[in-house]
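Read through the structure below, which is laid out as structure tokens, and then see the notes.
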Amino acid sequence: MQITLLGTGVPTPNPNRRGPSQLIRAGTINILIDCGSGTVNQLVQGNVPPSQVDHVLITHHHSDHYIDLDHFIITRWIMGADNPLHIYGPIRQKKIIENMLAAHEYDLKIRVEHQGTNRTLPEVIIHEIGEEIIFEIDGLKVTAFHVEHPPVDPAFGFRFDTQLRSIVISGDTRPCENIIKNSHNVDVLIHECMHSAKVPFVPGGGWKSAKHRIESMERYHTFPEKLGLVARDAEPKLLVTTHMVAHSEPSELKEIIGRDYSGSLVIGEDLMIV
């Protein structure tokens, strides 16, 4: 089992870090986790056509984590996949997908007409999940657990287990006991690392001041100085950062996280394979 970091960025556009997304590969199974901006192109860059992905997991319903999902659904179908696509996400997932498909209804019907066939439209099977084992396939167990990203509720992290390896993806979360419990001693912990203090303050974005933005974001994100404490307690064999702002400096993140965490640490980059 391996994981590819398709996108390690945040909502703010950044050519060097696409929107949040990861790909788990376990044998012949490909699982997409989140579908941020640029995900479809990143899959192709990583030599995995969208048509080879049958399962998508959505951590939570902030738009930067699913903004490319309609692009993925349609492109997967255009590239020849007629088998069902399974999408797993929090409550409201069904409504979001229905609205997406309704928005593209005309386009999809016209594409069938172009082909002059009776091809069926994309079949999407939606699973609204809770804190549970989502599925087990060919020795791979996928588990969802709650994380804390208020006021978003619910928000999930995901754990992937095979006989030989374990991987946890935190999703967006502030430091919380559930992420520590579910990632304790895992082989790889992919965890958000939101260095908000590095982002220049621009008036007009909804925040009253730079101080207000930082204080607010600390309530629902994990800053690097807190990530070191999370990793210290979780004790993963390898910690990999994701969900980073454009102004994040890898050497600075390593120094801050390393104040409390002495284990193996990698600052994530787009298309990195772990």
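The values are calculated or read from the model by the stated rules, or taken from the named source; none is laboratory data. Note that this is a predicted model, so its numbers are computed, not measured. Quick reminder, even Gly has a Cβ in these numbers, built from the backbone with ideal geometry, and neighbours come from all protein chains shown. Accessible surface areas use protein heavy atoms only, side chains included; no ligands, DNA or RNA. Shrake-Rupley method; radii C 1.70, N 1.55, O 1.52, S 1.80 Å.
Please arrange LYS208, LYS141, LYS237 by accessible surface area, largest first, computed with a 1.4 Å probe and ligands excluded. Working shown, then result.
Details: LYS208 170, LYS141 70, LYS237 120 Å².
Listed by decreasing accessible area, they come as LYS208, LYS237, LYS141.
Any chance you could look up the accessible area of LYS198 with a 1.4 Å probe, heavy atoms only, rounded to 10 Å²?
60
To the nearest 0.05, how large is the calculated FRET efficiency for LYS198 and LYS95 if R₀ is 45 Å and r is the Cβ-Cβ distance?
Working from the Cβ atoms, E equals 0.80.
Once the whole set of protein chains is in place, how much accessible area is left on CYS35, using a 1.4 Å probe, in Å² to the nearest 10?
About 0 Å², ignoring ligands and nucleic acids.
Out of the DSSP beta bridges found with both residues in region 1-101, what percent are antiparallel (nearest 5)? The partial results should precede the final answer.
On the way: 10 of 16 bridges.
Among the beta bridges of region 1-101, antiparallel pairing accounts for roughly 60 percent.
Quick one, which of [x] 32, 22, 17; [y] 29, 21, 18; [z] 53, 20, 15 is the actual semi-axes √(5λ) of the Cα gyration tensor in Å calculated for this model?
Calculated semi-axes √(5λ) of the Cα gyration tensor in Å: the matching label is [x].
Quick one: check the C-alpha center-to-center distance for region 144-160 versus region 35-103, whole angstrom.
19
If you build a Gaussian network model of the chain, linking Cα atoms that sit under 10 Å apart, which residue out of GLY204, GLY130, GLY258 swings the most?
Answer for the Gaussian network model of the chain: GLY204.
Tell me, what is the FRET efficiency for GLU132 and ILE78 to the nearest 0.05, using R0 = 25 angstrom and their Cβ-Cβ distance as r? Let's see the in-between values first.
Working: r = 33 Å, r/R0 = 1.31.
After rounding to 0.05, the efficiency reads 0.15.
Between ASN47 and GLU225, what FRET efficiency follows from the Cβ-Cβ distance if R0 is 35 Å, with the result rounded to 0.05? Display every interim value, and only then the final one.
Details: r = 37 Å, r/R0 = 1.05.
Using R0 = 35 Å, I get an efficiency of 0.45.
Could you check how much of the accessible area of the chain is carbon and sulfur, as a whole percent, using a 1.4 Å probe? Present the calculation step by step, with values, prior to reporting the outcome.
Working: 6320 of 12500 Å².
Answer for the chain: carbon and sulfur cover 51 percent of the accessible area.
What does the accessible area per residue of region 173-268 come to in Å², with a 1.4 Å probe and no ligands, DNA or RNA counted?
Details: 4440 Å² over 96 residues.
I get 46 Å² per residue for region 173-268.
Can you give me the solvent accessible area of GLU148 with a 1.4 Å probe, rounded to the nearest 10 Å²?
Number for this one is 70 Å².
Which of the pairs LYS109/LYS141; LYS211/LYS254; LYS181/LYS208; LYS94/LYS181; LYS208/LYS254 have their Cα atoms more than 32 Å apart in this structure? Spell out each step's value before the answer.
Working: LYS109/LYS141 37 Å; LYS211/LYS254 24 Å; LYS181/LYS208 36 Å; LYS94/LYS181 29 Å; LYS208/LYS254 30 Å.
In this structure, LYS109/LYS141; LYS181/LYS208 exceed 32 Å between Cα atoms.
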